[in-house]
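The structure appears right after this line, and notes come after that.
What follows is calculated from the coordinates using simple rules that are stated; it is not laboratory data. Treat the numbers as computed from the prediction; the structure is a model and nothing was measured. In this analysis, Cβ positions are derived from the backbone assuming ideal geometry, glycine residues included, and neighbour counts consider all displayed protein chains.
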Amino acid sequence: MRSFIKAVLEELLTSEENISNSIFILPSKRAGSFLLNELSKLSGKNIFSPSVYSIEEFTENISGLTPVDNTISLFEFYDVYKQLTPKEQLEEFETFTAWAQSLIHDFNEIDRYLIDHKSFFDYLSGIQDVNHWYLQEEKTELINNYLLFWHKLPEYYEGLQERLLSQGKAYQGLIYRKASEHIKEYTAQQDRNHIFLGFNALNTAEQNILQEMLEQEKAEVHWDIDEVFLRDKEHQTSMFINEYLKQWPYYKNSPVFKPGSTYKEEKDIEIIGVPKNIGQAKYLGELLSEFDPEKLKNTAVVLGQEDLLLPVLNSLPNNISQLNITMGFPLKNAPLSSLFDKLFQIHLHSTSGYYYKDVIEVINHPVLHDLLMPYSAQVIGKINKENIVYLKEKELISSFPEKLQPLIMACFESWQNNSQLAIEKLGELIQQIKAKLKESKDSLGLEFLYQFHILFNKLENLNSDYPHIKSIKSLYGFYKEIMATQSLDFQGRPFQGLQLMGMLESRALDFENVIITSLNEGVLPSGKSSNSFIPYDLKKAYNLPTYREKDAVYTYHFYRLLQRAKNVYLLYNTEPDGLNSGEKSRFLTQLEIEKQPAHQLRKKLISPSVPAVTGKLKEVAKTPEIMEKLKSLAESGFSPSALTTYIRNPLDFYYQYVLGVREQDEVEETVAYNTLGTVIHDSLENFYKPLEGKLLTETDVKGFLKQVPEEIASQFAKSYTKAPMDRGKNLLIFEVAKRYLKNFLELELERLKNGEKVEILQIETGLKEEISVEELDFRVYLRGKVDRVENANGITRIIDYKTGKVGQNQIEIVDWDSISTDYDKYSKSFQVLTYTSMISKKVKLPAEAGIISFKNLKGGFLKFTKKDKPGHTKNKITEIDTEMLGDFQAELKKLIAEICDPEVAFCEKDLKKTYGNY
């Protein structure tokens with residue numbers, strides 16, 4: 001393949017041109033590097049290297065001005081704004097930046113296109129006047145101030161120019177304007193030939209520079225465009241170059257420009273649809289794995305979206321031994337970025353304490369995790385155990401040993417909404433991390449840290465030179481803006497191996513094999529996007545670029561990459577998120593419609609292979625070690641909840657009771673349902689425990705009613721520790737708890753008023769009773785705690801409290817066979833009967849057992865009931881006698897024997913199939 005740069009150099013070397021004395025100007029520095037590399041290969045003898053500039057460097061050289069970035073321009077602009085704006089109309093720097101960024105962008109455009117700013121801004125302010133004339137005859141102060149702003153734009157523009165020029169500085173657009181003004185003087189002083197290569201969309205200043213140099217015969221321009229596009233006057237690829245060839249006076253008298261003729265040659269083009277961005281990265285890796293080393297040497301991967309860089313790097317195959325990345329690694333994607341971002345968020349919104357999730361996110365951050373272990377784990381454990389939602393600064397710092405406290409202080413000591421203090425604290429943090437990374441010899445981590453060190457130094461310099469950043473919010477805004485443009489340059493050999501780049505980095509370069517990703521509408525081309533105060537019609541009137549011209553720029557870059565390529569792979573996302581879902585780029589449709597006869601065009605849709613996942617249920621065989629654990633459990637006692645866990649899913653029983661794997665404690669920001677249950681149970685225990693062995697009286701219950709608010713508050717303080725109960729959902733739950741308790745006590749009072757005699761026998765009594773299981777050669781116990789045992793009008797009742805809703809149908813059975821197998825229907829019955837079995841030797845049978853549901857208090861005491869048939873209302877038995885208890889204990893023993901049988905594995909149950917979405 002003969003590249004554009006190579007073709008131009010060959011032409012120059014065969015002519016009488018003294019290349020060493022020439023000045024080459026190209027669209028980018030990268031293209032200049034390729035030119036020098038190609039020249040070294042083509043020259044048959046030793047020559048001096050010519051001067052090579054990017055167009056930006058060339059205009060800086062002509063203008064004699066030093067470029068400043070957008071951030072410096074913004075700070076300088078604010079000084080100008082303060083000087084030119086009455087004090088009563090001045091805005092804070094934070095508000096100013098919201099609109100000034102767009103205005104500086106517009107100033108750039110006005111200068112690059114050499115617009116007469118006075119007439120332009122008069123026109124713009126006139127548009128605003130017309131837009132508001134119809135609102136009302138007498139303008140409000142707000143409208144007057146708004147219109148005054150538009151009339152002051154010329155002053156702001158002139159003031160910023162004067163301020164920057166007095167310092168020998170300029171933003172890019174102003175550099176172009178001054179270069180255009182000085183071009184005649186520059187050309188008159190030059191005797192060297194200037195060679196412009198690979199340009200397309202030129203702004204007015206660039207056009208003036210080129211035309212002046214062409215007229216004075218001090219330059220030559222080599223356009224890179226194919227005859228297929230040049231002859232098609234409607235094709236966006238040739239829009240700009242056709243305009244120059246038609247309008248520039250130089251081309252009216254000069255030889256006709258000869259375009260290239262490589263686009264119509266044979267090409268193998270594949271249009272490939274891949275779902276999701278990550279899918280494109282993975283498929284790209286598969287594609288490259290099929291390339292041999294020679295093919296890789298002349299291959300370029302052009303990423304339509306910068307965000308694909310990391311996924312692509314992680315997907316590259318092993319056959320790629322050399323890689324050159326032009327884009328640079330965005331600093332915002334570095335691991336440290338999320339740490340600093342989180343610290344800004346914390347100090348932006350911190351009040352009386354630090355939110356526990358923010359604290360955990362910082363001390364558990366990958367960068368700090370190894371440095372703070374095991375102390376960070378201890379702090380997290382304490383937060384979860386004590387239910388701490390907000391942490392105080394001193395308490396947090398003192399939780400770490402003295403050697404780590406400087407690092408924690410750098411993170412969590414208050415920034416006091418002071419930007420300078422914030423920068424100092426972040427600098428301290430960097431120094432602390434640096435020392436730790438040096439110990440671990442983490443070279444990549446140190447490189448990232450150094451880039452952030454540079455970034456914060458820049459912020460510190462800005463803050464000292466321009467005292468406008470007064471708050472953390474303003475500082476955070478500029479931190480994000482600067483970081484968005486910062487990148488970590490990769491080190492590699494620029495002319496060897498696979499080339500990975502963005503679309504703009506491909507200017508003037510050619511490759512035999514080209515892979516382009518993200519060819520979707522809204523990406524390539526980017527479509528309509530407006531960051532400007534200038535309306536579309538005004539841009540058209542003054543020949544400023546609109547979205548149409550920007551689309552034409554990307555059209556040119558796209559087709560220029562294809563001109564000399566032999567193998568082209570064009571990837572697009574079939575399922576992008578958001579609007580226009582799955583819409584491929586118009587470039588791809590255009591390729592299909594305008595297909596050249598020699599082009600081999602194929603379309604593919606790629607989908608990842610998804611292996612079938614078999615829903616095989618797990619089984620755990622009982623080893624001797626497991627049997628020893630089960631014997632230990634039997635000795636300490638099986639609780640009703642443990643047994644019902646086994647009924648629901650034996651594998652859960654294995655995890656929780658054999659292995660001891662329980663859910664980790666987590667902070668309850670909102671009171672959990674089990675915590676509410678604990679509060680209710682403990683409150684009733686406090687009320688009723690002193691009455692054991694006594695008759696319940698109306699006086700007792702009335703006394704309890706008066707104590708409800710105080711008791712509930714006390715129990716929440718004990719069970720829920722430091723979380724606030726005076727606002728939000730917690731306040732509602734607090735009131736629900738009070739209502740539950742009051743409703744229950746009022747029900748008790750009603751029973752007593754109706755003449756019922758209630759003797760409290762036991763409250764929250766711990767039980768442990770042996771049960772004889774013939775199949776087992778070791779002792780087995782049942783253990784548990786009964787909520788309440790009472791004697792009501794001579795009948796013993798075993799009562800279990802439930803804060804959830806329970807209906808009578810949930811505590812009834814028909815067949816004993818199902819009570820130890822069907823959790824969904826019979827778990828409540830199983831629990832109350834187990835309690836009855838444990839207490840049967842201490843109370844008189846027959847007895848009643850059942851549930852009081854705090855969400856169904858109208859149902860009263862829900863008695864366990866044995867029925868003959870499902871739904872049958874006759875022959876209901878509610879009294880539990882020795883015979884009925886014997887029937888239940890037979891099933892209970894069978895269940896325990898199964899649990900302890902070494903031949904029966906713990907088999908997982910399909911809960912969705914068994915119980916639905918439980």
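Laid out as a table, the results:
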| item | result |
| --- | --- |
| For L519, residues with placed amide H under 5 Å, excluding near neighbours | L571, Y572, N573 |
| Sites E57 and S526, calculated FRET efficiency, Cβ-Cβ separation with R0 30 Å, nearest 0.05 | 0.70 |
| Subset of K267/K297; K805/K876; K702/K855; K805/K825; K332/K480; K694/K768 violating a 20 Å alpha-carbon distance limit | K805/K876; K702/K855; K694/K768 |
| Other-chain or far-sequence residues with amide H under 5 Å of T796's (modelled H) | E848 |
| Helix 277-289 axis, angle to the chain major axis (alpha carbon atoms, nearest 10°) | 60 degrees |
| Neighbour-count order for M1, M627, fewest beta carbons within 10 angstrom listed first | M1, M627 |
| Under 18 Å from the R192 label point (7 Å along Cα→beta-carbon), backbone N, the stretch 34-57 | 34-37, 39-40, 47-57 |
| Correct option for Rg/Rh (Cα atoms, Kirkwood Rh) [calculated from the coordinates] among (i) 1.19; (ii) 1.12; (iii) 1.24 | (ii) |
| Inter-label distance, nm, simple model (7 Å from Cα along the C-beta direction), R2/K118 | 5.4 nm |
| Prolate/oblate/rounded call for the stretch 820-897, Cα gyration tensor, a/c under 1.5 rounded | rounded |
| Where a label projected 7 Å from the Cα of M627 along Cα→Cβ would reach, residues of the stretch 763-792 with amide N under 16 Å | 775-779 |
| Pairwise label distance in nanometres, E386 with R662, each label 7 Å out on the Cα-Cβ vector | 2.0 nm |
| Reach of K622 by Cα under 22 Å, taken over lysines that are not fewer than 8 positions away in the same chain | K631, K893, K894, K909 |
| Cα shape, the stretch 332-488, gyration tensor, a/c 1.5 rule | oblate |
| Rough spin-label spacing in nm, given labels placed 7 Å along Cα→Cβ, for K87 and A890 | 9.9 nm |
| Ordering of 49-55, 188-194 by packing [mean C-beta count within 10 Å, highest first] | 49-55, 188-194 |
| Fraction of beta bridges assigned by DSSP in the chain that are antiparallel (%, nearest 5) | 35 percent |
| Ascending count of other beta-carbon atoms within 10 Å, so fewest first, for K394, K584 | K394, K584 |
| Fewest-first sequence of Y186, Y123 by Cβ atoms within 10 Å of each Cβ | Y123, Y186 |
| Rounded to 10°, Cα long-axis angle of helix 335-349 versus longest principal axis of the chain | 70 degrees |
| Global form of the stretch 731-789, assessed from the alpha-carbon gyration tensor, a/c cut-off 1.5 | oblate |
| At R0 = 56 Å, FRET efficiency that the Cβ-Cβ distance of K480 and K604 yields, to 0.05 | 0.90 |
| Two-site FRET efficiency, T589 against H182, from Cβ-Cβ distance with R₀ of 35 Å, rounded to 0.05 | 0.15 |
| Gain on full stretching of the segment that runs from L348 to E775 - 0.36 nm per residue minus C-alpha separation | 147.1 nm |
| Segments 513-519, 769-775 sorted - mean Cβ within 10 Å per residue, highest first | 513-519, 769-775 |
| Within the stretch 783-814: backbone nitrogen closer than 13 Å to the K841 label point (7 Å, Cα to C-beta) | 783 |
| Loop trypsin sites (Lys or Arg not before Pro), the stretch 766-853, which have at most 15 other Cβ atoms in a 10 Å radius of their Cβ (DSSP) | R779, K805, K841, K842, K844 |
| Cα-based reach from K604 at 13 Å (exclusive), listing aspartates and glutamates while leaving out same-chain residues under 8 positions away | E270 |
| Cleavage-rule hits (chymotrypsin sites (Phe, Trp or Tyr not before Pro)) in the stretch 412-519: DSSP loop, at most 16 neighbouring Cβ within 10 angstrom | F490, F495 |
| Cross-link partners of K844 among aspartates and glutamates (Cα-Cα below 13 Å; sequence separation of 8 or more within a chain) | E790, E879, D881 |
| Stretch gain in nm, segment K233-D69, where the contour uses 0.36 nm per residue and the Cα spacing is subtracted | 55.3 nm |
| Degrees separating the helix 823-839 axis from the principal Cα axis of the chain, which is the longest one | 40 degrees |
